[in-house]
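Colleague: Handing you a structure now.
The values are calculated or read from the model by the stated rules, or taken from the named source; none is laboratory data. Predicted model, so just to flag it, every value in this text is computed and none were measured. In this analysis, Cβ positions are derived from the backbone assuming ideal geometry, glycine residues included, and neighbour counts consider all displayed protein chains.
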Amino acid sequence: MSDLPTPDYARNMRIIGYTGQGGRPDGVQIMVHRGHAYIGHMFSKGFSIVDVRDAKSPRAVNFIAAPPGTWNIHLQTHDDLLLVINAKDMFAAAEFADERAYYKGQLGKVVGTATAARTSRRDWTAGLAVYDISRPAEPRRIGFMPVEGGGVHRIWYTGGRWAYVSALIDGFTDYIFVTVDMADPTKPREAGRWWIPGMNQAAGETPDWPAASRYGLHHAIVHGDTAYAAWRDAGMVVIDVADRARPKLVTHRNWAPPYGGGTHNCLPLPGRDLLIVLDEAVLDHQEDGLKLIWVFDNRVRDNPISIATFPTPAEADYVRKGGHFGPHNIHENRPGSFVSDTLIFATYQNAGVRVFDISDQYRPNEVGALVPSAPARLVDHRPNRARVIQSADVFVDAGGLIYSTDYNAGLYILEFNG
């Protein structure tokens, strides 16, 4: 189509569809399910549904507003269910206008949830919302699990009885791991929890890590009875969840320092006994250091070993470009989507979307890239933000089409020709 945006850089990839998401071009997590994309917004205070059955002409068909003071940045779909996080809208809060305050130290202390008793007025909704999406464009809320605290950050749910969330709960210094019983989707309930010792401030625990380190769970990916949890500046925590009411530690690996932390995804590739572990770049101009995507040998569950890193995009000076440069998210091989243990799809923020071949796990190789052009405008209302692309999430459907969101620039639908 002649009106498609022209990318700044492309190799073995091309844009086949684009939408500004009905005037709300900011997006974080995306799920593509039954011909519809469900997109959590970072700044537009809700989530959108985009009809992508014609990938060349995607169109926004619905927007569900978040409760006041609340963001819906992450979500999950399976069969007739859509699960959506509800948490304090952190980037609307004055205390996080400088994003360094969000990514450093004990979040619960800043938000006011680190003690057992409430220390501040709550002007947000906290918990996990469940929607019926049997009519894909018309989500209908059917259940809610409230959380006493900051709320839920991200979810892992691929059907069945159990969901897994990261939750900022009163009494804890940051987000912890929580198992959720979905036996009755209209009444989801907490089943069990696990945290790194030192996080339960209300119980008298004291952190033994550096004060500037953010020891909080981003989310876990669960395979069988094992949860692979990305714990930001605490690295990767492997948890046995055979007993969902009493998760227990298998092992904890942390490489920060000397590396800069921010672990965001821990993706198991069970067919090859590998893990792909991504550290998120969270500050401008690489202020938080070079962030990497790691390959771990996972043949021994309690002894994962790093064996390689992915190459960093280098065809332009992305550090000087502005905004964040480095990994943000990967396609997570969800059931029903494109599942591969050799091709890894990742977003690199101001360096766009990348595809890597890990057929040789010791030598990951970039085989495709697409860097969209600058957004037409900034939806991001925080001060001193650069008007550059910040590719956020990537989802690959069963047919191989790639869907990528951006903090400001809308939804790109891409084709990989590698």
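Conditions (1) surrounded by fewer than 22 Cβ atoms within 10 Å (Cβ to Cβ); (2) among the hydrophobic types (A, V, I, L, M, F, W, C); (3) part of a loop (DSSP other than H, G, I, E, B); (4) under 15 Å from the mean Cα position of the chain (by Cα), marked per residue:
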position	(1), (2), (3), (4)
GLU205	yes, no, yes, no
ALA211	yes, yes, yes, no
TYR215	no, no, yes, no
ALA220	no, yes, no, yes
ALA229	no, yes, no, yes
ALA234	no, yes, yes, no
VAL237	no, yes, no, no
ASP243	yes, no, yes, no
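Colleague: Give the range 101-157 a look and list any residue that's in contact (Cβ under 8 Å) with a residue 60 or more places away in the chain and of a type in the set (Asp, Glu), or say none.
Modeller: GLU138
Colleague: Scan the range 75-94 and report the pairs whose first residue is in a strand (DSSP E or B) and whose second residue is among the hydrophobic types (A, V, I, L, M, F, W, C) and modelled with pLDDT under 95, with Cβ atoms within less than 9 Å and a gap of 6+ or a chain change.
Modeller: LYS88/VAL111
Colleague: Quick check on GLY192: is it outside any strand (DSSP E or B) and farther than 25 Å from ALA66 by Cα?
Modeller: The answer is no for GLY192.
Colleague: Here is a follow-up. Go through (1) closer than 30 Å to ASP3 by Cβ; (2) over 20 Å from the mean Cα position of the chain (by Cα); (3) among the hydroxyl-bearing types (Ser, Thr, Tyr) one by one and return the number of the condition THR342 breaks.
Modeller: Unmet condition: (1).
Colleague: Give the residue that is nearest to TYR362 (Cα to Cα), with candidates limited to residues of the range 308-321 that are surrounded by 14 or more Cβ atoms within 10 Å (Cβ to Cβ) and either at pLDDT below 95 or more than 23 Å from the chain's Cα centre (by Cα) (or both).
Modeller: Step by step, filter the range 308-321, then rank; the result is ALA316.
Colleague: If we keep just the residues of the range 113-153 that are modelled with pLDDT under 95 and more than 19 Å from PRO68 (Cβ to Cβ), which is surrounded by the fewest Cβ atoms within 10 Å (Cβ to Cβ)?
Modeller: The selected residue is ALA117.
Colleague: Here are the criteria: (1) in contact with a strand residue (DSSP E or B) (Cβ under 8 Å, 6 or more places away or on another chain); (2) of a type outside the set (Phe, Trp, Tyr); (3) over 19 Å from GLN29 (Cβ atoms). Tell me which single one GLY271 does not satisfy.
Modeller: The one condition GLY271 does not meet is (1).
Colleague: Pairs needed: first member in the range 158-170, at negative phi and assigned to a loop (DSSP other than H, G, I, E, B); second member anywhere, small (Gly, Ala, Ser) and at pLDDT 95 or above; C-beta distance under 6 Å; at least 6 residues apart or different chains.
Modeller: Every condition considered, the pairs that remain are ARG161/ALA183; ASP170/GLY149.
Colleague: Considering only the range 37-55, how many residues are surrounded by fewer than 21 Cβ atoms within 10 Å (Cβ to Cβ) and touching a residue at least 60 places away in the same chain (Cβ under 8 Å)?
Modeller: 2
Colleague: What are the residues in the range 66-119 that are under 30 Å from GLN286 (Cβ atoms) and among the basic types (Lys, Arg), if any?
Modeller: The answer is LYS88, ARG100, LYS104, LYS109.
Colleague: May I ask you to list the residues in the range 343-368 that are part of a loop (DSSP other than H, G, I, E, B) and surrounded by 24 or more Cβ atoms within 10 Å (Cβ to Cβ)?
Modeller: ASN350, ALA351, GLY352
Colleague: Here's something else I'd like to know. For the subset of the range 1-15 comprising residues that are surrounded by fewer than 16 Cβ atoms within 10 Å (Cβ to Cβ) and hydrophobic (A, V, I, L, M, F, W, C), which member is farthest from ALA316 (Cα to Cα)?
Modeller: Once the filter is applied, the top-ranked residue is MET1.
Colleague: Report whether or not THR186 is assigned to a loop (DSSP other than H, G, I, E, B), surrounded by 15 or more Cβ atoms within 10 Å (Cβ to Cβ) and not aliphatic (A, V, I, L, M).
Modeller: no
Colleague: Are any residues in the range 171-183 outside any strand (DSSP E or B) and either more than 18 Å from ASP80 (Cβ to Cβ) or without any contact (Cβ under 8 Å) to a residue 24 or more places away in the chain (or both), and if so, which ones?
Modeller: GLY171, THR173, ASP174, TYR175, ALA183
Colleague: Give me a count of the residues in the range 341-380 that are on the phi > 0 side of the Ramachandran plot and either among the aromatic types (Phe, Trp, Tyr) or in contact with a His (Cβ under 7 Å, 6 or more places away or on another chain) (or both).
Modeller: Residues meeting the conditions: 1.
Colleague: Another question about this same structure. Cβ-Cβ below 8 Å, separation at least six or inter-chain, first residue in the range 184-198 and under 17 Å from PHE144 (Cα atoms), second small (Gly, Ala, Ser) and surrounded by 12 or more Cβ atoms within 10 Å (Cβ to Cβ): which pairs?
Modeller: Here the result reads ASP184/GLY143; PRO185/GLY143; THR186/GLY143; LYS187/GLY143; PRO188/GLY143; PRO188/ALA163, each pair linking the range 184-198 to a residue that is small (Gly, Ala, Ser) and surrounded by 12 or more Cβ atoms within 10 Å (Cβ to Cβ).
Colleague: Same structure, new question: Could you list, in sequence order, the residues of the range 214-240 that are aromatic (Phe, Trp, Tyr) and more than 19 Å from PRO270 (Cα to Cα)?
Modeller: Across the range 214-240, the qualifying residues are TYR215, TRP231.
Colleague: Name the pairs: first residue in the range 400-414 and under 14 Å from ILE344 (Cα atoms) and touching a residue at least 60 places away in the same chain (Cβ under 8 Å), second residue in a loop (DSSP other than H, G, I, E, B) and of a type in the set (Phe, Trp, Tyr), Cβ to Cβ under 9 Å, at least 6 apart or on different chains?
Modeller: Close Cβ pairs (under 9 Å, with a partner that is in a loop (DSSP other than H, G, I, E, B) and of a type in the set (Phe, Trp, Tyr)) amount to GLY400/PHE338; LEU401/PHE338; ILE402/PHE338.
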